[in-house]
1. Find the residue count for the range C:151-181, including only residues that are in contact (Cβ under 8 Å) with a residue 12 or more places away in the chain and touching an Asp or Glu at 6+ places or on another chain (Cβ under 9 Å).
2. If we scan the range B:121-130, do we find a residue that is in a strand (DSSP E or B), touching a residue at least 60 places away in the same chain (Cβ under 8 Å) and under 21 Å from B:ASP33 (Cα atoms)?
3. Condition first: under 21 Å from A:PHE56 (Cβ atoms), at the interface with another protein chain (Cβ under 8 Å from one of its Cβ atoms) and aliphatic (A, V, I, L, M). Now tell me which residues in the range A:13-39 satisfy that.
4. Among C:ASN149, C:ASN116, which is the only one that is under 18 Å from C:ILE32 (Cα atoms) and of a type outside the set (Ser, Thr, Tyr)?
5. Restricting the search to the range A:40-56, which residues are among the aliphatic types (A, V, I, L, M) and either facing another protein chain (nearest Cβ under 10 Å) or over 20 Å from the mean Cα position of the chain (by Cα) (or both)?
6. Within the range C:79-97, track down each residue that is under 25 Å from A:ASN210 (Cβ atoms) and polar (S, T, N, Q).
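The values are calculated or read from the model by the stated rules, or taken from the named source; none is laboratory data. All figures in this text were calculated on a predicted structure; none of them were measured in a lab. In this analysis, Cβ positions are derived from the backbone assuming ideal geometry, glycine residues included, and neighbour counts consider all displayed protein chains.
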Amino acid sequence: MSDKEEIVRNLSSHYSSQVMRAFGNVDPASKALEVIAKSLKEIYRYFEPSFFSGDFFVCKNLNDNLCYDESKGTLLYDKNILLNRTDGLMIIQVFNDSSKMIIWEDQDPNELMGQKNTLAYHFKNNKECFYANELSIDLTIHDKGSRFATQFNDLIEVLQQYSKSKIQKSSCEHFSNSWADSHRLFFRGGGSGSNIPEKYMQLSLYEYLNSVFRGISMESSREYNLMGDSSRPKPVDIKIHWREANRTALVEIKYIGTVKKDSDGDIYTLDNPRANFGITQLKEYHDKASTDTPTTIIKSHLIVIDGRRNNLTADKTTINVIDGMYYKNEEVIIDADKRYHETILGFEKLIRMFAEPICS
Amino acid sequence: MQGRYYFIKLQKVILRNFSLYKKNEKVYEVNEDINEGVYCLAGANGLGKTTFLNSINYGLTGIVLEPNKEVYSPGEIITANKRYTERYFLGRINKKEEEKAEIEILLKINEKYFRIIRGFFEREELRLLEIFSKNGDKRISHFKSKNESPKELNNYYQKSLASEIGFANFDYFIFYQLYVLTFDENRRMIFWDDRASSHALAIAFNTDPDDAEKILDLTRRMEKHESNARNLKWQSTQAKKKIEELTLKTKGKKASEFEELENIFNKLHKELEKIEKIYGNIKIEYDTMLKRQSHLNSEIMQSKIEHTRLFSRYSKPRSKLLENINVQLSIKKQECCLCDSSGSHIADSIVRNIHKDKCPLCNTVINESGNAEQNELLKLIKKNDEKISFKNSELDNLIFEVDGKKVELDKAEIELNNAREKVEDFTEENPDISFKGTGDKNIDTLIEQYKRQYDLAAKEAKDEYNKRDNLKPEYEKLLKRVELSYKEAETVFVPTFKKLAKSFIGLDLNIHPKRSDKTIKLVLELQDTARTESFQLSESQRFFLDIALRMSLAIFLSENKNGATMMIDTPEGSLDIAYESRVGNMFAEYATVYKQNLFMTANINASQLLLSLAEKCGNNRMKFRRMLDWTDPSEIQKEGEHLFKKVFANIETALNKRK
Amino acid sequence: MSKQVTPEAFFDSLSLAHKLDNFLDGFKLEEIHLFSYFSSFLFCYSGNSIATWPHRYIASNGFPFSDTINDAIVRHIQNGLFENKGEYYTISGRGTDEFNKFKLLSTFTKREELLNAACTTTILIPYAQTVRALLNEPNLKKQIELQNNEWLDQMSFYPQFIEISEAVGIKTQDLIIPAVTLINLLEH
């Protein structure tokens, strides 16, 4: 049964099986795996691995013998000292007693990798792996961060899901209100500055996140809008706080496409400049948030809802497939001086969500 | 298992010198071409429709089933029914024609044709056997009878037929043809007969054909050991009684009482079997109720979650008031914009006041009844609320029933244990016999003999029980295999059955295999209750659900282009008129969608059934034959003829309507 | 209609809620049923007969559903041990206290091992993957398809699980690795 052989091979290559084999299939090995995984989940509530440029180790000795000299390390009572670490060397040993952790910051990690009865986790440069009995087992599954720090990675996944399930075919009740026509060629526009489509897009995303994303609380700029305090600028569209982790995400929504005004049926088009304006705005929010709450880990996402169509004139009511899907894979062009996602830590590359029209 | 049998397609049936069918003093030679799809033979009662059907089955198998007898296992059918078969045609064929009377059948299996001629009084012989296939117009002969003896021809026919269809042996074919594929006036149900359905399942759901044989064999042997053991135990008890009588230990037990005791013993045993069956059934029903309870609970849970969701949407703060900038500010700053009071309670107070009927500032009644969205929500909430209360009362009723059923179950368990005890007590009476000499040499010798008998019988009884128990593991293993392969087949078989049964009864059904110590049977759940005994359904329902099961089996087993032929005799006999057109639909589906065949006889009363069947099938798929040509009608039948004509005309029209 | 909540259901649902909240920052009620179902496989793996597992499940809305677990969940919500946070639930402070009290009882230590192993897979394997795998369990899928309203039968998938476990070479006493293996196996 080569099917079965394949399955067995796949299962044997999973990191958990590799760890077990490296230590001879003993119980303390799986306990070590469990303890390290749970500790990582806890520790990563305090700092964000994708912001960390140093070497981070978490280790467990199978018999709970000390990996290094105890006097050279510190008992970790308050994990808040890990807040906002961005570089350096950290080696944390965990034990069967989950309340005990010892941290060393100046010991030689190579010693660790040579210890025979120690399972060690290593994170560096957005790559993570286990060292088990001189065997190195790769764990990396995300481009950035760690698989044990799910907060930001989950957010990206949720946003991608949102794009696929709600924006692509406009299958959201709120989002569908942003269109002026039933074929989704034009966005709705009231008088200038009333930003009707954005209002619905925000509501759509807010409600989606609320129902699908766990462990967060959100603030949305709608609430602020009504305060009418003109001395204060508009805040970011959606601010996401993680309740059990020291993280915040800022989400700003911009749309590009053609708007048809309610009042007189005139049209105007928003394109790359609008998106770039969004980037500028978002950077301001990001900077401000970073200074307001310097210990919080902040990431900013710009969402660009792309409803651009080709060859669109004010009188059109239908569109063919070629013109309708013209921009489906057309990336937004980011100005050279706005490439903050390459320079500012936590400022993410914009996410473009293409909203398809109904083509005839 | 699935789709691997090539069932028989009847092509032609000829009856020669069959005196039952006599028109105008002359014997009518029946010569029917049987079509694919539905072949329906209609006629008034007493014309001989059932005989025709039985004759065909006789031609195919050499057997006519004796009515009112149980369903036999494949190996026993012939022995149990041969005598009846030999007598069946005596009254139907003139003595003079006995020798000449014969039936000729042309049938097709896959691409092979079988042509046989069997005399009505030669059930183990064939007068002619021809096997051939066709290549365009050319006939390619595979076998043609020449010098073989009639018995040899019959043997060869049986072997070839079974092998062509795919059955392990001809006995299985007889079983399926007579019990599963034929539904005759005896209305023998296989569904509700544990042994019958167990056999049918074993044959149908065995990936290894030998397994079916083994199961049947083991059943037989285990039952034999059990009955041997019972007899031996009885013998040992008898011997003991005799000893006691001789030693005057027991008072007043005389020889005549032994017979009485034997009767009591058998009665106790029958009683035990009955109670075991009842207990088993109650257990199944109880289990089904628990499942239903689970289901209801889950549905109620869902509805309650929905309820909460609707409510929170409904009771969201009134937008007009909340969107007011000042109100917003106040809530945010925890500071009243009017009087400047501040504090953590401010926000709560404001929110509370916003929810009241009147504007907190000017006291105007806020009428939101015009709000369309709120109305919609309210409607949904009301509907959901009804749903919840309906399901809750359903649950209450069910819990009440469950409690009752549990009491029933406990009671049955007690009765079962009692019955078991009684049987054990009766057969396990004092095992030690004290051998006290009476002083009388002759009597003592006799006692000695009886003691030996007793010891021997007791030991042999134990041996027989052991033998039975030794067979159990293998038996259970085989049954488990059947159960497993049924589970594999479930995804195909169950939906077919549910669909057919639903098209008749109009309700949702579930069907499960249930394995007990002795057998595996199919259990039906109707309308989320469990009906294990057929008496809980009306006769029509039993009838047609049994047919639905057979049809599903046939569909499941038959290879794609070689559908089985169900033989159904006068189905409308016990049919409520309401069900007639539903049945017509079910039959039509069987013959059209599932591409199987139906050979049915019908009384002219079944007009509604025949009409809906004709409408759905049309000329392409249905042939409607009247028996009027075959015999002389009686006076009464003659009188009714114009009525018949009208019905026939309607049916012809219906047939022609559909192309 | 006051129902009896069985001790096992009481503890299982509380323990699962505690862990899922801890690992995922919130849980849906059907996830408690799902992980309870998952735990029953590990129960068999430890050498017990499935007949002694205190919960039976039907397939409902694509998830396993157990009456006994449901009763316990309802009770916990009534008593404020679970808090409703919109689409998700969290365990309240009181709930955590109650759990910490009960997990010390000797009658529950074995159960706690199973539940812990089941839930730890949510950290060791990406959560969406774990849920997908569990919902892919053949018997659950079949009952959803057939709509035949039968009890879910863990034993029909179990032999395959054992066979593969042995082939992969897991022999530990602990349950974490078998749990991970089961998830990986169900994915295929």
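1. The first filter runs over the range C:151-181 and keeps only residues in contact (Cβ under 8 Å) with a residue 12 or more places away in the chain, leaving C:151-158, C:160-162, C:164-165, C:168, C:174-176, C:178-181.
Retained after the next criterion (residues that are touching an Asp or Glu at 6+ places or on another chain (Cβ under 9 Å)): C:151-152, C:154, C:157, C:174-176.
Within the range C:151-181, residues that are in contact (Cβ under 8 Å) with a residue 12 or more places away in the chain and touching an Asp or Glu at 6+ places or on another chain (Cβ under 9 Å) number 7.
2. Taking the range B:121-130 as the starting set, the residues that turn out to be in a strand (DSSP E or B) are B:128-130.
Right, trim to touching a residue at least 60 places away in the same chain (Cβ under 8 Å) and you get none.
The answer is no; no qualifying residue exists.
3. Of everything in the range A:13-39, those that are under 21 Å from A:PHE56 (Cβ atoms), at the interface with another protein chain (Cβ under 8 Å from one of its Cβ atoms) and aliphatic (A, V, I, L, M) turn out to be A:LEU33, A:ALA37.
4. Values: C:ASN149 fails: under 18 Å from C:ILE32 (Cα atoms).
After applying the criteria, what remains is C:ASN116.
5. Taking the range A:40-56 and keeping what is among the aliphatic types (A, V, I, L, M), we get A:40, A:43.
The answer is A:LEU40, and nothing else.
6. Kept after step one, since they are under 25 Å from A:ASN210 (Cβ atoms), are these residues of the range C:79-97: C:80-93, C:95-96.
Within the range C:79-97, C:ASN84, C:THR90, C:SER92, C:THR96 meet the criteria.
For every residue, the table says whether it meets (1) under 24 Å from the mean Cα position of the chain (by Cα); (2) over 30 Å from B:ALA588 (Cβ atoms); (3) surrounded by 15 or more Cβ atoms within 10 Å (Cβ to Cβ).
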{"residue": "B:VAL27", "(1), (2), (3)": "no, yes, yes"}
{"residue": "B:LEU47", "(1), (2), (3)": "no, no, yes"}
{"residue": "B:ILE63", "(1), (2), (3)": "yes, yes, yes"}
{"residue": "B:GLU66", "(1), (2), (3)": "yes, yes, yes"}
{"residue": "B:GLY75", "(1), (2), (3)": "yes, yes, yes"}
{"residue": "B:ALA80", "(1), (2), (3)": "yes, yes, yes"}
{"residue": "B:ILE93", "(1), (2), (3)": "no, yes, yes"}
{"residue": "B:GLU98", "(1), (2), (3)": "no, yes, yes"}
{"residue": "B:ILE103", "(1), (2), (3)": "no, no, yes"}
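Condition check ((1) in a helix (DSSP H, G or I); (2) at pLDDT below 95; (3) within 14 Å of another protein chain (Cβ to nearest Cβ); (4) closer than 19 Å to A:LEU350 by Cβ) across all residues:
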{"position": "A:HIS241", "(1), (2), (3), (4)": "no, yes, yes, no"}
{"position": "A:GLU244", "(1), (2), (3), (4)": "no, yes, yes, no"}
{"position": "A:TYR255", "(1), (2), (3), (4)": "no, yes, no, yes"}
{"position": "A:VAL259", "(1), (2), (3), (4)": "no, yes, no, no"}
{"position": "A:ASP264", "(1), (2), (3), (4)": "no, yes, no, no"}
{"position": "A:ARG274", "(1), (2), (3), (4)": "yes, yes, no, yes"}
{"position": "A:GLY278", "(1), (2), (3), (4)": "yes, yes, no, yes"}
{"position": "A:ASP287", "(1), (2), (3), (4)": "yes, yes, no, yes"}
